[in-house]
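Colleague: One structure coming up, written as structure tokens, with questions to follow.
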Amino acid sequence: KLEQVIGNARRGSDMDKGRVVVFSDAHFWPDDYTTAYKALLEVIKEFKPKVVIANGDVFDGSQNSRHPRIGWTHSPSVKEELEACQEFMAGIERVSKGAELVWTMGNHDARFETFLAAQVPQYEGVSGFTLKDHFPFWKPCWSYWINEDTCIKHRWKGGWSAGRSNSLNAGVNIVTGHTHQLTIHPLTDYNGTRYGIQTGTLADPNAEQFVHYTEDGAKDWRSGFALLSFERGRLILPELIQVCGEDEYEFRGAIHKV
């Protein structure tokens, strides 16, 4: 499948045995060290994955969005957000020794370049005008494939059942973010069992990034991320790490502290 796409829109690797950590929707703001972020660092250090994937929306883009400002709400500048992203991603880099670092672009990440391309197209090609220029250790792409049957990308189908819809329509295991849902949907047919995994959000669902556009409504979101394990070249039952309280997360039948 990697040969089907020109350039780096699609990346991937073959994996007989190993682990992959996938997180998404961090929407990093300055000084926002969430429980999920701290848990992510712990899990990476413990399980030493071969690949760490930021599955979209690392950058929030609150001030370069196509959506109008809500009232007189305040949010970080593009510079402040970018520096926060660099700080948090550097923390992940430090614990991901030897791992391939992949960033599948999300719709919020795209705001950085979309705004510039629309407002100052004359600066195309100038260093610093693409998001990837600021994160040299992370490989950007739209999708990342492991073997021939597991696809990681930021989004596809929507709604609470997006995981199942994605796997049903893709015909392969598929790992997505975007919805802030943290779920695993197995799907079995004549070809066997495959999984639709949604990777939740690394942010706090009740954080300031979301309170105004959701109008402080109830959110069926969960803070956490996913751990994928491959054995004999096959994705075995995926695992979720889910935040359950301040500095606490659930994993493998136990509550862990960070």
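The values are calculated or read from the model by the stated rules, or taken from the named source; none is laboratory data. What you are looking at is a predicted structure, and each value in this text was computed from that prediction instead of being measured. For neighbour counting, all protein chains shown are included, and Cβ atoms are generated from backbone atoms with ideal geometry for every residue, glycine included.
Colleague: Whether any residue in segment 127-143 is touching a strand residue (DSSP E or B) at 6+ places or on another chain (Cβ under 8 Å), among the small types (Gly, Ala, Ser), farther than 29 Å from Asp204 by Cα and without any contact (Cβ under 8 Å) to a residue 40 or more places away in the chain is what I want to check.
Modeller: no
Colleague: Name the single residue that is surrounded by the fewest Cβ atoms within 10 Å (Cβ to Cβ) among those in segment 182-195 being free of Cβ contacts under 8 Å to residues at least 60 places away in the same chain and under 18 Å from Val21 (Cβ atoms).
Modeller: Only one residue fits best here, namely Ile184.
Colleague: Right, here's the next one. Have a look at Leu131, Leu101 and point out the one that is at pLDDT 95 or above and either surrounded by 14 or more Cβ atoms within 10 Å (Cβ to Cβ) or under 18 Å from the mean Cα position of the chain (by Cα) (or both). Before the answer, list the steps.
Modeller: Working: Leu131 fails: at pLDDT 95 or above.
Going through Leu131, Leu101 in turn, the sole match is Leu101.
Colleague: From the list Trp103, Trp156, which one is closer than 22 Å to His180 by Cα, among the hydrophobic types (A, V, I, L, M, F, W, C) and part of a loop (DSSP other than H, G, I, E, B)?
Modeller: Trp156
Colleague: I've got another one for you. Out of the residues in segment 159-171 that are free of Cβ contacts under 8 Å to residues at least 60 places away in the same chain and in a loop (DSSP other than H, G, I, E, B), state the one that is nearest to Leu240 (Cα to Cα). Don't jump to the end; show me each part of the working.
Modeller: Here is the first cut: in segment 159-171, the residues free of Cβ contacts under 8 Å to residues at least 60 places away in the same chain are 159, 161-171.
Imposing the further condition that a residue be in a loop (DSSP other than H, G, I, E, B) reduces the set to 159, 161, 171.
Values: Gly159: 19, Ser161: 17, Gly171: 22 Å.
Residue satisfying both the conditions and the ranking: Ser161.
Colleague: Something else now. Within the bounds of segment 203-210, is there any residue that is over 16 Å from the mean Cα position of the chain (by Cα), in a strand (DSSP E or B) and surrounded by 16 or more Cβ atoms within 10 Å (Cβ to Cβ)?
Modeller: For segment 203-210, residues over 16 Å from the mean Cα position of the chain (by Cα), in a strand (DSSP E or B) and surrounded by 16 or more Cβ atoms within 10 Å (Cβ to Cβ): absent.
Colleague: Here is a follow-up. From (1) touching a residue at least 60 places away in the same chain (Cβ under 8 Å); (2) touching a Pro at 6+ places or on another chain (Cβ under 8 Å); (3) within 21 Å of Gln198 (Cα to Cα); (4) not acidic (Asp, Glu), pick out the condition that doesn't hold for Met105.
Modeller: Failing condition for Met105: (1).
Colleague: Now a separate question. Considering (1) at pLDDT 90 or above; (2) under 22 Å from Thr201 (Cβ atoms), say which one Gln119 fails and leave the rest.
Modeller: Condition not satisfied by Gln119: (2).
Colleague: Any idea which residue in segment 167-181 is surrounded by the fewest Cβ atoms within 10 Å (Cβ to Cβ), counting only those that are touching a Cys at 6+ places or on another chain (Cβ under 9 Å) and farther than 19 Å from Val102 by Cα?
Modeller: Ala170
Colleague: Among the residues of segment 1-45, which ones are in contact with a strand residue (DSSP E or B) (Cβ under 9 Å, 6 or more places away or on another chain), at pLDDT 95 or above and loosely packed, with under 13 Cβ neighbours inside 10 Å?
Modeller: Asp14, Asp16, Lys17
Residue-by-condition table, conditions (1) of a type in the set (Asp, Glu); (2) out of contact with any His (no Cβ under 8 Å at 6 or more places or on another chain):
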| position | (1), (2) |
| --- | --- |
| Pro140 | no, yes |
| His154 | no, no |
| Lys219 | no, no |
| Glu231 | yes, yes |
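Colleague: Return the only residue of Glu83, Glu87 being modelled with pLDDT of 95 or more, loosely packed, with under 14 Cβ neighbours inside 10 Å and either of a type outside the set (A, V, I, L, M, F, W, C) or more than 16 Å from the chain's Cα centre (by Cα) (or both).
Modeller: Result: Glu87 is the single residue among Glu83, Glu87 that is modelled with pLDDT of 95 or more, loosely packed, with under 14 Cβ neighbours inside 10 Å and either of a type outside the set (A, V, I, L, M, F, W, C) or more than 16 Å from the chain's Cα centre (by Cα) (or both).
Colleague: Return the residue satisfying two criteria in turn: it lies in segment 6-49 and is part of a strand (DSSP E or B) and either among the β-branched types (Val, Ile, Thr) or within 18 Å of Pro140 (Cα to Cα) (or both), and of such residues it is farthest from the chain's Cα centre (by Cα).
Modeller: Ser13
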